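Please read the structure below before turning to the comments.
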Amino acid sequence: TGPVSYGDRRPLENDLDNFRAAVAASQPVEAFMNAASPGVLTKFVPDAFYGDEEKYVADLADAMKEEYEAIHRAGFLLQIDCPDLASARHNQYQTLSDAAFLRIAERNVEALNHATANIPPEAMRMHICWGNYEGPHTHDVALATVFEVCMKARPQALLFEGANPRHAHEWEDLRQASIPDDKILIPGVIDSTTNFVEHPRLIAQRICRYTEIVGRERVLAATDCGF
């Protein structure tokens, strides 16, 4: 309803303090904190002021830069959640062609790269998803369609759904994809919407498909939808 700025930092500082205390108590190997991408905010924070999505995304990127850098300074990995690069295709931009959607995705990645310019790539991971709801997903854009754009984002690691029945086959497409040597893949190997307890051998098979593509040192196993 007005020009975008970050505003009150107290909720952010409270989250960082609480998370810092939890990490100190549990001593995990590493810890990450999520933050919304500039692009996905255009869906969940509708614009009633700018009337210009380009300008809105640019100002969102400038505002979110403050949150991204605060998470990094706190010593946590920054995970930027970017459903705008996948699920936005079949909801927010369902009337567009793939080519038009990819231009929006490119713009959103450029905004993200601007907002994270002061953070090393290895200190970040980016999560894309198709909206991990229990539905047919017959209109999901293919991973292969958006993968090249995703590889242009600064975060070193990419999280994506790789276990649910709509996207589990897409590891095959990555065998022909151009994956920079410094990128890490974090595929979902456990489906977070099924009521089956997946067999450990199935999960191992899913992990090994990706290690055969980029090597075991560049694969982290995850659940679907960035958890």
Helix-only CD estimate at 222 nm, as mean residue ellipticity for the chain, using -39500 (n - 2.57) per DSSP H run (n ≥ 4): -12500 deg cm²/dmol
Please give the contour-minus-distance gain from residue 182 to residue 145: 0.36 nm per residue of separation, less the Cα-Cα distance, rounded to one decimal in nm. 11.2 nm
Given a Förster distance of 22 Å, the FRET efficiency implied by the Cβ-Cβ spacing of residue 66 and residue 22, rounded to the nearest 0.05, works out to 0.45
Quotient of Cα Rg and 2.2 N^0.38 Å for the stretch 141-197, N being how many residues it contains: 1.18
If I compute solvent accessible area with a 1.4 Å probe over the protein chains, what percent of it on the chain is carbon and sulfur? 53
Mean projected area (nm²) from the convex hull of Cα positions in the stretch 67-178 is 7.4
Using modelled backbone amide H atoms (1.01 Å from N, in-plane), which distant-in-sequence or interchain residues come within less than 5 Å of residue 127's amide H? 80, 81, 82, 159
Who wins for biggest fluctuation among 95, 138, 42 in a Gaussian network model of the chain, springs between alpha carbons below 10 Å? 138
Computed for the chain: size of charge dipole around the Cα centre, +1 on C-beta of each Lys and Arg, -1 on C-beta of each Asp and Glu, debye to nearest 20, value 400
Considering only 179, 80, 190, give the residue with the highest GNM mean-square fluctuation for the chain, with springs between Cα atoms whenever their separation is below 10 Å. 179
Based on the mean of other Cβ atoms within 10 Å per residue, sort peptides 49-56, 152-159 so the most packed one is first. 152-159, 49-56
For the chain, what is the convex hull (Cα atoms) projected area averaged across all directions, in square nanometres? 13.1
Spin-label point model (7 Å from Cα, Cβ direction): what's the residue 91 to residue 30 distance in nm? 2.9
Report the residue, chosen from 122, 134, 172, that carries the largest GNM mean-square fluctuation when the chain is represented by alpha-carbon nodes joined by springs under 10 Å. 134
Once you charge only the Cβ atoms, +1 for Lys and Arg and -1 for Asp and Glu, what is the size of the charge dipole of the stretch 70-154 about its Cα centre, to the nearest 20 debye? 260
Distance in nm between pseudo-label sites at residue 193 and residue 138 (7 Å out along the Cβ direction from Cα): 1.4
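The values are calculated or read from the model by the stated rules, or taken from the named source; none is laboratory data. Note that the structure is a prediction, hence the values are computed from the model and not measured. A quick note on method: Cβ atoms are made from the backbone with ideal geometry, for glycine too, and the neighbour counts reach across all protein chains shown. Only protein heavy atoms, including side chains, enter the accessible area calculation; ligands, DNA and RNA are left aside. Shrake-Rupley method; radii C 1.70, N 1.55, O 1.52, S 1.80 Å.
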